[in-house]
Number of protein chains: 2
Amino acid sequence: MPKIVDHDERRREVLSAATAVIVRDGIDAATSRAIAKEAGYSNGVLAHYFADKDEILLSALRDSHRRIRARITERVGDARGLAALREVLMDNLPLDEERAQETRLEISFWSRSLAVERLAEVQRAEAAELRAAVRRLLEEARAAGEIRADEGLDDLTERLLALVDGLSLRSLLYPGRLGRAELERIMTTTLEAL
Amino acid sequence: MPKIVDHDERRREVLSAATAVIVRDGIDAATSRAIAKEAGYSNGVLAHYFADKDEILLSALRDSHRRIRARITERVGDARGLAALREVLMDNLPLDEERAQETRLEISFWSRSLAVERLAEVQRAEAAELRAAVRRLLEEARAAGEIRADEGLDDLTERLLALVDGLSLRSLLYPGRLGRAELERIMTTTLEAL
């Protein structure tokens, strides 16, 4: 009797292995060979599911974003405007181990996206979704009179997302300077000043 | 008669080649072999000046920071407080091709620093200097009554530097969204709100 292979399960295992290697050893180290070894499969099995290393990496990034979106949707619940915005931005900061690992994955992709156009395109498409969500919540907040600043909403969106990226990066690079309490406090002060 | 070799000049050429490779092809591609080829020297010549690839990369980063510091010192001139702070922060944004290349170099190091502790240490030491300069200027600005916000100066320093890092990153990843005019406008609005 032929062995029954659960392809979805295998695919998930390979992605999970890829994420583990990137987060632990950096994206340079995430070769097909290293990912196969981590997953406990041969290079041949990997080739069956993914065309090349970049496809594995892209799938790992998309997969991470899908999990983040599900978590944020749950977290925001019925909140609207500024309250919902606060949940979205806070959830994007590396305030626990799970999110610290997500941040490491993002940072690894930033530098590779600058060198590989195919990755940059995906990075841009994925970023557009978060940007649209933040802008929509800022519109709600302004309509509800929750924002005093007269800065344009496009600029405000970019400023908040740049702050999230910069704080996330710096808390991983300089953990002694920027702990979780500092991250939360700086973001809270920023939102209160809107 | 033995050929006279200008060692400083050769070292500079190797660093300049390393920077060119990183900025053009990404840090993954910056192998000793690729850097030697770019510089027009053999791998043996490279080994004479630098112990390994990471030492070349670190030297390129330090060299870039040295040039940035010299340029900022010149640019700040006799300015103090908020005016000087504005010059420092604006100079750290990728507002022209030279600074866009410096930003690419920084972003390449961010992800590698997360995987290689030796690089992280240098990254932290180099970042401490800019952080101290920004904090000192914020103190001057507060003493001169130029800052209304009652946010702590440590938080304010991190918030401004995180914004600079995030805006720099996003302008390279999403140039269609965040052009030079947007960068300058967002930074100006942020400083005016202090």
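Only the coordinates and a few stated rules stand behind these numbers; no lab work does. This is a predicted model, so every value here is computed, not measured. Note that each Cβ is placed from the backbone with ideal geometry, even for glycine, and that neighbours are counted across all protein chains shown.
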Test of the criteria: in the range A:1-32, which trypsin sites (Lys or Arg not before Pro) are in a DSSP loop and have at most 15 other Cβ atoms within 10 angstrom of their Cβ?
A:3
Rotation relating A and B, chain B residue nearest the axis via C-beta, angstrom
B:166, 2
For peptide B:146-159, what's the mean number of Cβ atoms from other chains within 10 Å of each residue's Cβ?
3
Hey, got the dipole for the range A:7-147? About the Cα centre, +1 on K and R Cβ, -1 on D and E Cβ, debye to the nearest 20?
120
The whole-number value in µm²/s of the Stokes-Einstein translational diffusion coefficient for the range B:1-53, with Rh from the Kirkwood sum over alpha carbon pairs at 20 °C and 1.002 mPa s, is 190
Could you work out, residue by residue across A:180-186, how many beta carbons of other chains sit within 10 Å of that residue's beta carbon, and then give the average as an integer?
3
Extending each Cα 7 Å along its Cβ direction at residue B:48 and residue B:31, get the distance between those two points in nm, one decimal.
2.3
If labels are modelled 7 Å from Cα along the Cβ direction, residue A:37 lies from its partners in the other copies at nm distances, smallest first, of 2.5
In 10 Å bins starting at 0, how do the alpha-carbon pair distances of the protein assembly as shown split up by percent?
4, 21, 30, 25, 13, 5, 1, 0, 0
Put the label 7 Å from Cα along Cα→Cβ for residue B:62; what are its distances to the other copies, in nanometres, shortest first?
4.4
Inter-copy separations for residue B:181, label at 7 Å along Cα-Cβ, nm, ascending
4.5
Nearest 0.05, what FRET efficiency do residue B:7 and residue A:121 give at R0 = 41 Å with Cβ-Cβ as r?
0.40
Restricting to Cα atoms and excluding each atom paired with itself, what does the Kirkwood estimate give for the range A:79-189 in Å?
15.0
Straight-line reach from residue B:37: which aspartates and glutamates have Cα under 20 Å away, leaving out those fewer than 8 places along the same chain?
B:6, B:8, B:9, B:13, B:25, B:28, B:52, B:54, B:55
In order through the range A:10-19: 3J(HN,Hα) via Karplus (6.51 cos²θ - 1.76 cosθ + 1.60), integer Hz, x for Gly, Pro:
4, 4, 4, 5, 5, 5, 5, 5, 4, 4
